[in-house]
Amino acid sequence: MCNKQQQAQSINIVVADDHPVVLMGVSKMIDDLDNFRVIATATTISQLFRRLSEFHCDVLVCDYSFEDDSEPDGLLLLEKVRRLYPNIKIILLTAHDDLVIVQRALKVGVSGFLSKSSNDASVISGVIARVYGGEKYLDPLTSQIMLQHMISSDISSPTLLTSQLTARELEVVRMFSRGMSVTDIAQHTDRSVKTISTQKKQAMLKLGACNDIELVTAFSKLF
């Protein structure tokens, strides 16, 4: 009876990251605590959605970028999780500290944001508990970035430049900067080549890039 009650009260967690070392480390930190249970892990996006369909997940701890994955990552991944599993709480554990990504992720419905470069990574258990309880969480490093943005009036700052891009434009440029062609991105996102090409051109105009090299260079400076 006691064991069944304890199991019913545990928080079921899925951890997804394309770096096995990170995956093992985070899972170990969580599993060492009472009432926390890592029920599945995933190193690819397709594997993640298989795990979500197989298990009841309360909290998903997930990376933002899955390098060389055949499935859409980033905001498109987050939107898909929210659409298919609206009750799952999402915590981003990522190396992307850009304010625009943080803002877009929170708008999509992410409950927590924990930077891999933050010293707060060791308190992930507390973050999970707070998010599961209905709170929003931003780690101190990310909160500092947001505060600096709020008190800055520099119109040419990278954050303000990226904020001009739509979510789709941001993702197209990010994938293009990773070496994917317009055709690759279209296939990757299940959109037409014409649509991707238009979004890429709009991003170039907003970032002041005249060619592909300048676009990649501008994007690399933003992140």
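The values are calculated or read from the model by the stated rules, or taken from the named source; none is laboratory data. Remember, it's a predicted structure, so these values are computed and weren't measured experimentally. Here the Cβ is made from the backbone with ideal geometry for all residues, glycine too, and neighbour counts use every protein chain on show. Each accessible area value is taken on the protein alone, full model and side chains, heavy atoms only, with ligands, DNA and RNA left out. Shrake-Rupley method; radii C 1.70, N 1.55, O 1.52, S 1.80 Å.
Key figures
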| read-out | value |
| --- | --- |
| Selected residue [modelled with pLDDT of 90 or more, in contact with a Phe, Trp or Tyr (Cβ under 9 Å, 6 or more places away or on another chain) and more than 20 Å from HIS19 (Cα to Cα)] from LEU84, LEU138, LEU78 | LEU84 |
| Unmet requirement for ASN12, which otherwise passes all of (1) crowded, with 19+ Cβ neighbours inside 10 Å; (2) more than 28 Å from ARG174 (Cβ to Cβ); (3) under 20 Å from the mean Cα position of the chain (by Cα) | (1) |
| Candidate set: the stretch 192-223, residues that are among the charged types (D, E, K, R) and closer than 16 Å to LEU165 by Cβ; chosen: the one least open to solvent (accessible area, probe 1.4 Å) | LYS200 |
| Selection within the stretch 58-102 - under 11 Å from the mean Cα position of the chain (by Cα) and among the small types (Gly, Ala, Ser) | SER65, GLY74, ALA95 |
| Of all residues in the stretch 15-25 being closer than 16 Å to GLN47 by Cβ and not acidic (Asp, Glu), the one that is nearest to the chain's Cα centre (by Cα) | ALA16 |
| Residue match in the stretch 42-50 (condition: within 14 Å of the chain's Cα centre (by Cα) and open to solvent by 70 Å² or more (accessible area, probe 1.4 Å)) | no |
| Options VAL127, VAL102; residue that is closer than 30 Å to LYS200 by Cβ, buried (at least 16 other Cβ atoms within 10 Å of the Cβ) and modelled with pLDDT of 60 or more | VAL102 |
| Boolean, LEU165 is aliphatic (A, V, I, L, M), assigned to a helix (DSSP H, G or I) and either surrounded by 17 or more Cβ atoms within 10 Å (Cβ to Cβ) or at pLDDT below 85 (or both) | no |
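Let's see how each residue does on (1) touching a residue at least 60 places away in the same chain (Cβ under 8 Å); (2) under 19 Å from GLY133 (Cα atoms); (3) surrounded by fewer than 19 Cβ atoms within 10 Å (Cβ to Cβ):
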site	(1), (2), (3)
SER53	no, no, yes
HIS56	no, yes, yes
LEU78	no, no, no
VAL81	no, no, no
